[in-house]
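The values are calculated or read from the model by the stated rules, or taken from the named source; none is laboratory data. Quick caveat, the model's predicted, so the values are computed rather than measured. Note: ideal-geometry Cβ built from the backbone for every residue, glycine included; neighbour counts use all protein chains shown. Ligands, DNA and RNA are excluded from the accessible area calculation, which covers all protein heavy atoms including side chains. Shrake-Rupley method; radii C 1.70, N 1.55, O 1.52, S 1.80 Å.
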Amino acid sequence: MQKPTQATLDKIISLCKRKGFVFQTAEIYGGLNGVYDFGHLGFLLRENIKRAWRNSIENDLGEIYTLEGSLLGTQRMWEASGHIDNFHDPMVDCKNCKKRFRTDDGSIDLNKNCPDCGIKNWTEVRNFNLMFKTELGAVADGTAHAYLRPETAQTIFINFKNMMTTNRAKMPFGVAQIGKSFRNEITPKQFLFRLREFEQMELEWFCSQESAMENFEFWLAKRREFYRSLGLNMDRIRFHAHGKEELAHYSVCCTDIEYEFPFGFKELEGIAHRGTFDLTQHSKFSGKDLAVFDEATKTSHTPVVVETSVGVDRLFLTLLFDAYYEDEMDGETRVVLKFAPHIAPIKLAIFPLTKKLEEPALALFKTIKKTVPNIQFDVTGSIGKRYRRQDEIGTPFCITYDFDTEHDNCVTIRDRDSGKQDRIAITDIMSYLTEHGVINS
Ligand code: ATP
């Protein structure tokens, strides 16, 4: 039975700030709601997440090609995708305190008073489009509207023909993209869970109508494997298949992968069989034929799309919640992030036992750093304190260089999760790290 998490949103937010994972953007100016900056450890963690995702979509069915699409898109493309007409959330304003609420997420009850000011004086419920709109160029006459993309997927669909022909792609194949998306969320909340500026990792998989269901099932299984490989507690993950009434009008079927956050089970990733909707719409609105000619049958057909889509930030938050533990070690309570070694931002820390050993320990640090760049050197405070510092940021191993090292060329390597210490030869450090999944993973 899984132990309940000790992590709370407040503890995660405080750890992220204290250790430099995440900062509120423009904090010195009072911040910007739903937008964050990532410090050194945050940047490294994001890189590891993205690398793991990119590796996880390699497969035996077909090739994956990558795209980096633009953030700004034309009005016409968002009309075709349905975002101008349909990408909105219902909202209501409190006429008294002017606070705005979403009405479909259970955060307010319109029969009751405003949770902020305690007075009941609501406007009508109306739809609020979540796209950020802007004007291109100097003339703001309404002829050159553009939109910041609310998802990366559409830049893949509009480049479908380009990607297929330039890569001489054979179906089935996928186009993957990692990039920023923007949504003017009515109420950004739960830290990195619901942001206005965030990053997505999306795969659009193009396949034939006949193989679509099989391919959908294939990706469901692959995605489960991904979360397992990240070392997540799989009993905090569940798959929620959408009922007919939950499906978007173009979706044939859709399953959300949900994680059990302290604030409940919430969507982490969506996997959808989108039929031929996207390419058909862009064909219709652009006047360009996006069908594929099949040499074998001498017929044209529009490929079906299976999509997998997950937010980097939401997964970042998930990994923090999942890895966070408070336990006892060496008679002290500690906060520890039990990241899988390939996800941990810092892979190894090296300590000289005392200041006297700083020079040879630093030389060892510099040698290892050439192969494993993200490691730290720490000489201040007791060894116990130095362990605690590394535990808190999830460093899987710490090496201590002591007085015996001078004679036996061995160091002590300590495991973050068990506290177990091994005495190993300096010449075996690399193979030890490889064996324990720290490098080449
Ligand atoms: P939700 O119902 O939580 O708003 P959604 O169904 O609108 O999500 P999708 O459009 O399917 O989300 O986006 C795919 C993924 O992108 C989500 O599963 C999530 O991981 C991420 N994502 C979407 N919106 C946000 C956001 N505002 N902030 C952070 N991540 C987001």
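Summary table
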| quantity | calculated |
| --- | --- |
| Cα Rg, Dmax (largest Cα-Cα span) when computed across the chain, Å | 25.3, 79 |
| Accessible area, probe 1.4 Å, largest first, for residues C254, C117, C398 | C117, C254, C398 |
| With all protein chains modelled, accessible area of L148 [1.4 Å, Å²] | 50 |
| Å² of accessible area per residue within segment 346-435, as computed with a 1.4 Å probe and no ligands counted | 47 |
| Segment F377-C97, length gained on full extension (0.36 nm per residue, minus Cα span) | 95.6 nm |
| Nearest-ten-degree value, helix 40-56 long axis tilted from longest Cα axis of the chain | 60 |
| Candidate residues E204, E267: accessible-area rank, largest first, probe 1.4 Å | E267, E204 |
| With Cα atoms, 0 to 90° folded angle of helix 312-323 axis to the chain main axis | 40 |
| Under 21 Å from the Cα of K17 - lysines, other chains or at least 8 residues apart | K189, K338, K347, K385 |
| Accessible area of the chain belonging to carbon and sulfur atoms, whole % at 1.4 Å probe | 51 |
| Folded to 0 to 90 degrees: helix 9-19 orientation relative to the chain principal axis, Cα | 60 |
| Two-site label geometry, V35 and E267: point separation in nm, points 7 Å out along Cα→Cβ | 2.4 |
| Ellipticity estimate at 222 nm from DSSP helix runs (n ≥ 4, -39,500 (n - 2.57)) divided over the chain, nearest 500 | -8500 deg cm²/dmol |
| Ellipsoid semi-axes in whole angstrom, largest first, where each is sqrt(5λ) of the Cα gyration tensor of segment 195-300 | 31, 17, 13 |
| Reachable lysines from K298, criterion Cα separation under 17 angstrom, eight or more residues apart if same chain | K170 |
| Difference of contour (0.36 nm per residue) and Cα-Cα distance, N233 to V125 | 34.9 nm |
| Residues of segment 183-310: accessible area per residue with a 1.4 Å probe, Å² | 43 |
| Prolate/oblate/rounded label for segment 346-435 (Cα gyration tensor, a/c 1.5) | rounded |
| Among I399, I119, I350: highest mean-square fluctuation, GNM of the chain, C-alpha pairs under 10 Å | I119 |
| Where C94, C410 fall by accessible area, highest first, once all protein chains stay in place (1.4 Å) | C410, C94 |
| Theoretical gain in end-to-end length, M213 to D116 [0.36 nm per residue, Cα-Cα removed] | 30.2 nm |
